[in-house]
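The values are calculated or read from the model by the stated rules, or taken from the named source; none is laboratory data. Just so we're clear, the structure is a prediction, and the values are computed from it rather than from any experiment. Using ideal geometry, Cβ is built from the backbone for each residue, glycine included, and neighbour counts are taken over all protein chains shown. Side chains are part of the model used for accessible areas, which takes the heavy atoms of the whole protein and leaves out ligands, DNA and RNA. Shrake-Rupley method; radii C 1.70, N 1.55, O 1.52, S 1.80 Å.
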Amino acid sequence: MSLFLARFNRSKYLLLLFLPALVYYILFKYVPMFGILISFKDYNPFKGVWESDWSGLKYYKLFFESPDFPKLVKNTILLGFYRLVFGFPAPIILALLLNEVRKQVLKRFVQSVSYLPHFISNVVVVSMMFLFLSPSNGLVNQIVEWFGADAINFMQDENYFRSLYVLSEIWQHVGWETIIYLAALSAIDPQLYEAARVDGASRWHQLLHVTLPGISSAIIILCILNMGQLLDIGFEKVLLMLNPSIYSTADVLSTYVYRTGIQAMNYSYGTAIDLFTSVINLAFILSANWISRRVSETSLW
């Protein structure tokens, strides 16, 4: 007990700094988990959670037997997979490129310009997409027509939705996510580069044998965390881009939950779908962590 009190006294200011984050997660992450009960009940807002009748796995069966189930799961997994495959390496590549820039003024300028879009709301980003991709007077279609092709209604074509979503996500967040990798790069011992140069290593070989191994732990940890968000597609941006003509590729689990759970007021059904999504995300992150622990020495736990 005395050892615990000594450690607590030594770390009390660090714990005080951690307290707001702890309160936030308790209030907004753990307390709302009580709502999981709704998915196992015929929830009636007038009766409340406890007084509503139990329904068991009724709403899970309804979802699994729904004709929309295969399409929703396919759209969500594909969108999350494309975001992982193309979006995850983007900040790594940008960080490596910035690390090779020797002029600090240029480096800071590029870094500032690249992470500013992170602070633009999704409403503004999607509005910009509609303006630039407009088939009548959008900049992109003006360039297309200048080359002699016909204008394309990108936002109404289901074949372009996934590409537009992933590209806009990369543009919006690549600079912000690069900060983590730049911080990891700054922790690499400069003597390793000096030793590599003495051995005759080129810039490319220094990148392969010094830089990448130096940030490999950060890459693996962030990859595991991203795997845990594979089905956690940004609801707001998808909803803003969504229209009936692209439902076949754009309708994902989160938008379906919004329509069935909130708009149609079928709260139990929406909660069941949302819990299903969370369980699948948990399975992904556990699997990714297990694989990482088996093939390397880096894992979340």
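If R0 is taken as 35 Å, the Cβ-Cβ distance between SER127 and TRP290 corresponds to a FRET efficiency of 0.25.
Distance between Cα centroids, segment 71-146 to segment 218-253: provide it in whole Å. Segment 71-146 and segment 218-253 have Cα centres separated by 15 Å.
Each peptide in 45-54, 130-139, 270-279 gets a packing score, the mean of other Cβ atoms within 10 Å over its residues, and the list from highest to lowest is 270-279, 130-139, 45-54. With the cut-off at 1.5 for a/c, could you classify segment 147-193 from its C-alpha gyration tensor as rounded, prolate or oblate? Since a/c reaches 1.5 and a/b is larger than b/c, the shape of segment 147-193 is classed as prolate. Total lysine pairs in the chain at Cα distances under 28 Å, for residues eight or more apart or on different chains: 19.
The coefficient of translational diffusion for segment 1-139, derived via Stokes-Einstein from the alpha carbon Kirkwood radius under 4 °C and 1.567 mPa s, stands at 59 µm²/s. Put simply, the Cα atoms of segment 211-285 extend 51, 27, 17 Å along their principal axes, the longest span coming first. Residues considered: LYS12, LYS29, LYS107. Largest GNM mean-square fluctuation over the chain, using C-alpha springs under 10 Å, is found at LYS12. Per residue, the accessible area of segment 86-164 comes to 63 Å², computed with a 1.4 Å probe over protein heavy atoms only. Equivalent ellipsoid of segment 78-183: semi-axes from √(5λ) of the C-alpha gyration tensor, largest first, are 29, 17, 13 Å. For the chain, the spread of Cα coordinates along the three principal axes comes to 79, 73, 35 Å, biggest extent given first. With protein chains left intact and a 1.4 Å probe, residues in segment 1-84 average 77 Å² of accessible area per residue. Over segment 1-79, the alpha carbon radius of gyration divided by the compact-protein estimate 2.2 N^0.38 Å works out to 1.86.
The mean sequence distance of close C-alpha pairs (under 8 Å, at least 6 residues apart), as a share of the length of the chain, puts its relative contact order at 25 percent. Among GLY175, GLY234, GLY56, the residue with the largest mean-square fluctuation in a Gaussian network model of the chain, with springs joining Cα atoms closer than 10 Å, is GLY56. Within the chain, helices built from complete DSSP H runs that reach 27 Å or longer along their own axis (Cα positions) and carry a mean Kyte-Doolittle hydropathy of -1.0 or higher are 161-186, 267-295. Ligands, DNA and RNA left out, the accessible area of the chain computed with a 1.4 Å probe is 67% carbon and sulfur.
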